[in-house]
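These notes concern the structure reproduced below.
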Amino acid sequence: MGKQIRGMGLLTLTAFIWGTAFVAQSVGTGYISPFTFNAVRFFIGGASLLPVMLIMSILSRGKPDAARAPDADIPHALMKGGLYCGVILFIAAFMQQSGISYTTAGKAGFITALYIIIVPILGISLGRRVPLYMWVCAAAAVAGMYLLCIKESLSLNKGDAYILVCAFLYAGHILVIDRFSPLVDGVKMSCVQFFSCGALSLICSFIFEHPELSAVWDARMPLLYTGVLSSGVAYTLQIVAQKDVNPVIATLIMSLESVFAALAGWVALSETLSLREITGCVVMFAAIIAAQTLGVLKSEPVASAGA
């Protein structure tokens, strides 16, 4: 139970970092194009983990085999999990960026957050049992997300379809992590994920964009923030934490990203929150706290997604 509570805390910190990174991402894309931004960002994220891996390797020397990182025995799982996550992350980021150009930020945030529901649905297809209380909490979180994000009529267009595909990809990303994180060292898998995603983004940047070093330098602060914190720290925390947390509860906690983004805009940018938006935040917080509390009390096991 202690590991489960720790995992929930780490996922909440992950959502906080992602939420506050929206400003940096918005500023960064004003200097460089999306593929270039993602390439540099994820390479920075991977590079920031190299010293961490070195320190971990030094500390593990002399320890018995049982205390070593689990991927020491199954390196193929480390590479497979990291590459799967990297490819999914690359496609999801591309679909999201493409969709945002055709729709509003509020609708994009709401549709992306539909992975709250998609994860348990996909979980059923993989033979998972999803308790009733998780469905209720997920539905309540979606309702809160609607109040927070949607300020206009909910009509669908081409951009919304791109964002919906992105939501399915993020759901798949969560389930892939749930499959491989118990088998491998989370920091190493995250590093493989970042370098593979960065490499794919770099190839596409040279094909579809015209990257310039001067523009990258101008965007250095947003790139450092999103590369080190949003990528290197937050995605690694996600992989480490999901070892001990049911994937449905994990999706609910990580959906707090939108709440933290709204609160960060309110605190840092003096943006106002309407009563409707505040109500949405409260409903989401209540649903997620309920899911966490019931999950701990019922001690739901973290099931494997299968081979």
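Compute the Cα gyration tensor for region 160-199, then decide on rounded, prolate or oblate, letting a ≥ b ≥ c be the square roots of its eigenvalues: rounded whenever a/c is under 1.5, prolate when a/b is larger than b/c in the other cases, and oblate in all that remain. Let's see the in-between values first.
Details: a/c = 4.89, a/b = 1.62, b/c = 3.01.
Oblate is the answer for region 160-199, as a/c is 1.5 or above yet b/c matches or exceeds a/b.
Please arrange V245, V165, V176 by counting, for each residue, the other beta carbons lying within 10 Å of its beta carbon, fewest first. Write down the numbers at each step before the final one.
On the way: V245 28, V165 17, V176 21.
Fewest to most other Cβ atoms nearby, the residues stand as V165, V176, V245.
Amide H of D185 versus every other amide H placed in the peptide plane: which residues, excluding those fewer than 5 positions away on the same chain, fall under 5 Å?
Answer set, sorted by chain and number: D71.
Please sort 246-257, 120-131 by packing, taking for each peptide the average over its residues of neighbouring beta carbons within 10 angstrom, highest first. Don't skip to the answer; put the middle values down first.
On the way: 246-257: 25.4, 120-131: 15.0.
Most protected by this proxy first, the peptides run 246-257, 120-131.
Just so you know, all these numbers are worked out from the coordinates, no wet-lab data involved. Not measured: the values here are computed from a predicted model. Cβ atoms come from the backbone with ideal geometry, glycine included; neighbour counts cover every protein chain shown.
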